[in-house]
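The structure appears below as structure tokens.
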Amino acid sequence: MTLRQAMNQAKKTLTPFDALCLAEHAFALDKTALRLQADTPVDPTHFFSLVAQRAAGEPLQYILGTWEFYGLPFAVGPGVLIPRPETEMLVDIALQHKPATVVDLCAGSGCIGLSIAHHLPNTQVHLVELSEQALPYLRKNAARYPNATVHHADAFHYSLTTNHYSLIVSNPPYIPTHELASLQQEVQHEPAMALDGGADGLDFYRSLAQHWLPKCDVLAVECGDGQAQDIVQLFGGGQILTDFNGIGRVVLAKHAQV
Ligand code: GLN
């Protein structure tokens, strides 16, 4: 079977984008090389097993094992939330503020805090994550940055809160519990712990307001569609920033601003 025939077979069950990404991965060739070698005979066994995984609903990012965020590669896999492009807004905010110290709460893969650590090498970044499943990815990603420290801890029962920080960032779980079952198939493969924000989705913002807002100059959080106003209330004030779809996606609050 040639590469072209293997690709055509894959495209019967997958989108051309997914088929191309998996072919690049399985054959260790970039898309130009795949095209130039289209008539080369290949053993498609490994490729077809990845295609079957994807067709069964496994997220593309988990099969590939890395995903790009803020132009940087992050190790991902089952047990850790897949970085989303809208979350890059939190990194933009951090780079504008040039904080001396940062805490990334519910760090997951570490995509937010580590992108900040990458661009601000003199900033000390603390990444806090509770999930045993997420930690190996976080530790692997953080190993690239001497200015990043990983803490295996519950964000709300932790001695880090005895200090004061320039900036706290978080993309906490914010899906209301009753909506979890109706999320799209790929998201069902992601850890519920990274998604479940309690009955109204706002549990983490309540705890952030109580435990962390008094400990920082600036608090910047991501939130779900329709939640931003409620979060501004919980924080006692704040600014709402919209994402590229016009959704209020980030709330920026300053300690004691009201
Ligand atoms: N900070 C990580 C991200 O934004 C993980 C967030 C989470 O697990 N809720 O991808």
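All of the numbers you see were taken from the coordinates with simple rules; none came from a lab. Please read these numbers as outputs of a predicted model, since none were measured by experiment. Quick reminder, even Gly has a Cβ in these numbers, built from the backbone with ideal geometry, and neighbours come from all protein chains shown.
Tell me, in nm to one decimal, what length is gained between Ala199 and Asn245 on full extension, where the rule is 0.36 nm per residue of separation less the Cα-Cα distance?
Values: separation 46, 0.36 × 46 = 16.56 nm, distance 2.56 nm.
Taking Ala199 through Asn245 to full extension adds about 14.0 nm, to one decimal.
Among Val102, Val187, Val169, the largest mean-square fluctuation in a Gaussian network model of the chain, built with springs joining Cα atoms closer than 10 Å, belongs to Val187.
Grab the DSSP H runs of the chain that are 4 residues or longer, score each as -39,500 (n - 2.57), total them, divide by all residues and round the 222 nm result to the nearest 500 deg cm²/dmol. All intermediate terms of the calculation are to be shown ahead of the outcome.
Working: 11 runs with 85 residues, N = 258.
Roughly -8500 deg cm²/dmol at 222 nm, from the helical runs in the chain.
The largest-to-smallest principal axis extents of the Cα set in segment 114-165 are 29, 28, 13 Å. Under the definition of Cα pairs under 8 Å and six or more residues apart, what whole-number percent is the relative contact order of the chain? Reported as a whole number, the value is 14 percent. Among Val42, Val128, Val51, the largest mean-square fluctuation in a Gaussian network model of the chain (Cα springs under 10 Å) belongs to Val42. Of all DSSP beta bridges confined to segment 64-174, the antiparallel ones make up roughly 20%.
Under 21 Å of direct C-alpha separation, and excluding same-chain neighbours fewer than eight residues apart, Lys98 reaches these lysines: Lys215, Lys254. When you filter the GluC sites (Glu not before Pro) in segment 131-216 for DSSP loop state and at most 12 other Cβ atoms inside 10 Å of their Cβ, you are left with Glu132.
Between Asn163 and Asp92, the FRET efficiency from the beta-carbon distance, with R0 = 25 Å, is close to 0.50.
Amide hydrogen proximity for Arg249: with H placed 1.01 Å from N in the peptide plane, the residues at 5 or more positions away or on another chain lying under 5 Å are Leu241, Thr242, Asp243. Once you've got the GNM for the chain with C-alpha springs shorter than 10 Å, pick whichever of Ser115, Ser49, Ser207 has the biggest mean-square fluctuation. Comparing Ser115, Ser49, Ser207 in the GNM, the peak value goes to Ser49.
How much of the DSSP beta bridge set in the chain is antiparallel, as a percent to the nearest 5?
Details: 14 of 34 bridges.
Around 40 percent antiparallel, to the nearest 5.
Annotation for segment 138-212 versus segment 73-132: alpha-carbon center distance of 11 Å. Of the trypsin sites (Lys or Arg not before Pro) in segment 123-187, the ones in a loop by DSSP (not H, G, I, E or B) with at most 15 other beta carbons within 10 Å are Arg144. In the chain, the ratio of gyration radius to Kirkwood radius, Rg to Rh, stands at 1.03 when only Cα atoms are counted.
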